[in-house]
Amino acid sequence: MAILQILQYPDERLHTIARKVVQVNDVTRKLVRDMAETMYAAPGVGLAATQVDVHEQVIVVDISETHDQLRVFINPEILRHSGESEGEEGCLSVPGIYEKVRRADHVTVQALDQEGKSFTVQAEGFLAVCIQHEMDHLRGKVFVEYLSQLKQTRLRAKLKKRRREAL
Ligand code: GNR
Ligand code: NI
């Protein structure tokens, strides 16, 4: 297994649109294992392949405290969504920044598992938020892009300053 490097916002590669996985095979399963290890080490509750500079539609999520409920979504699609709720989000690609985002609070997602088998899951609450957050990454969208232009400009200045001071 391997811990992969996570791209940091604003890195233009985070805006790459992921292609569908054509065949779920051993290479896909190795990517899933490495992504899971990277997510647990960070630690985070989800990770999209985009964040590790692999532009294929692969997501891992584990919102359990025990880190033993890994969920894998390959080529995920939202079949239905309903409701709305606002919650604080963070992102491993934008460390230390937490902002409120409004999203659907129920989603029905269809995806392939690690064996390439199709499944459907209904999610609500924090799980629904995480799945939507990760699916945004696959479309090249980072959660801070939901904020106002003013907030985004301030955020970029803050990150620049922070990186300058970290050198
Ligand atoms: O670890 C993460 N926490 C989190 C908290 C609130 C909403 C979404 C997330 S996902 C994030 C990991 C990450 O960046 N996934 O892309
Ligand atoms: Ni993220």
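Anyone know which of LEU47, LEU92, LEU155 comes out most mobile in the 10 Å Cα GNM of the chain?
LEU155
Using only the Cα atoms of region 67-132, each taken as one equal point scatterer with no solvent, compute I(q) by the Debye sum, divide by I(0), and report log10 of the ratio at q = 0.21 Å⁻¹.
The Cα Debye sum returns log10 ratios of -0.93.
About its Cα centre, what dipole magnitude does the chain give when the only charges are +1 on Lys and Arg Cβ and -1 on Asp and Glu Cβ, stated in debye to the nearest 20? Walk me through the numbers on the way to the answer.
Values: 23 positive and 24 negative charges, 171 e Å.
It comes to approximately 820 debye.
Scan around GLU56 for amide H atoms under 5 Å from its own, H built in the peptide plane at 1.01 Å from N, and keep only partners 5 or more places away or cross-chain.
Amide H neighbours of GLU56, under 5 Å, 5+ apart: ARG19, THR50.
Where in the chain is the longest stretch that carries no GluC sites (Glu not before Pro) classed as loop by DSSP and with at most 16 other Cβ atoms within 10 Å? Before the final figure, lay out the partial values.
Numbers: sites that count: GLU65, GLU84, GLU115.
It works out to 1-64.
What distance in nm separates the simple spin-label points at GLN122 and THR66, each placed 7 Å from Cα in the Cβ direction?
Label at GLN122, label at THR66, 2.5 nm between them.
State the extension gain, in nm to one decimal, for the chain segment bounded by GLN23 and GLN5, taking 0.36 nm per residue of separation less the distance between their alpha-carbons. Walk me through the numbers on the way to the answer.
Working: separation 18, 0.36 × 18 = 6.48 nm, distance 2.45 nm.
Here the segment from GLN23 to GLN5 would lengthen by 4.0 nm.
Expressed as a rounded percentage, what relative contact order does the chain have, with Cα pairs under 8 Å and six or more residues apart?
On the way: 293 pairs, mean separation 38.6, N = 167.
RCO, the chain: 23 percent.
Rounded if a/c is under 1.5, else prolate if a/b is larger than b/c, else oblate: which is region 102-143, with a ≥ b ≥ c the root eigenvalues of its Cα gyration tensor?
On the way: a/c = 2.90, a/b = 1.34, b/c = 2.17.
Cα axes put region 102-143 in the oblate bin.
How much net charge surrounds ARG163 when only other residues with a Cβ under 13 Å from its Cβ are counted (Lys, Arg +1; Asp, Glu -1)? Don't skip to the end; give the middle numbers.
Values: positive: ARG156, LYS158, LYS160, LYS161, ARG162, ARG164; negative: ASP11, GLU165.
That works out to +4.
Over 24 Å between Cα atoms: which of LYS30/LYS117; LYS100/LYS158; LYS20/LYS117; LYS30/LYS158; LYS20/LYS141; LYS20/LYS160 fall into that group?
Values: LYS30/LYS117 17 Å; LYS100/LYS158 18 Å; LYS20/LYS117 15 Å; LYS30/LYS158 36 Å; LYS20/LYS141 16 Å; LYS20/LYS160 33 Å.
From the list (LYS30/LYS117; LYS100/LYS158; LYS20/LYS117; LYS30/LYS158; LYS20/LYS141; LYS20/LYS160), the Cα-Cα distance tops 24 Å for LYS30/LYS158; LYS20/LYS160.
With θ taken as phi - 60° and the coefficients 6.51, -1.76 and 1.60, list the Karplus ³J(HN,Hα) couplings across region 87-94 in order, rounded to whole Hz; mark glycine and proline as x.
x, 6, 10, x, 8, 5, 8, 9
Straight-line reach from LYS161: which lysines have Cα under 22 Å away, leaving out those fewer than 8 places along the same chain?
In chain and number order, the partners are LYS151.
Can you list residues whose amide H is under 5 Å from ILE97's amide H, if they're 5+ apart or on another chain and H is modeled 1.01 Å from N?
Close amide H contacts, sequence-distant or interchain: CYS91.
Just so you know, all these numbers are worked out from the coordinates, no wet-lab data involved. For clarity, every value in this text was computed on a predicted model and none was experimentally measured. Neighbour counts are summed over all protein chains in view; Cβ atoms, including those assigned to glycine, are modelled from backbone coordinates with ideal geometry.
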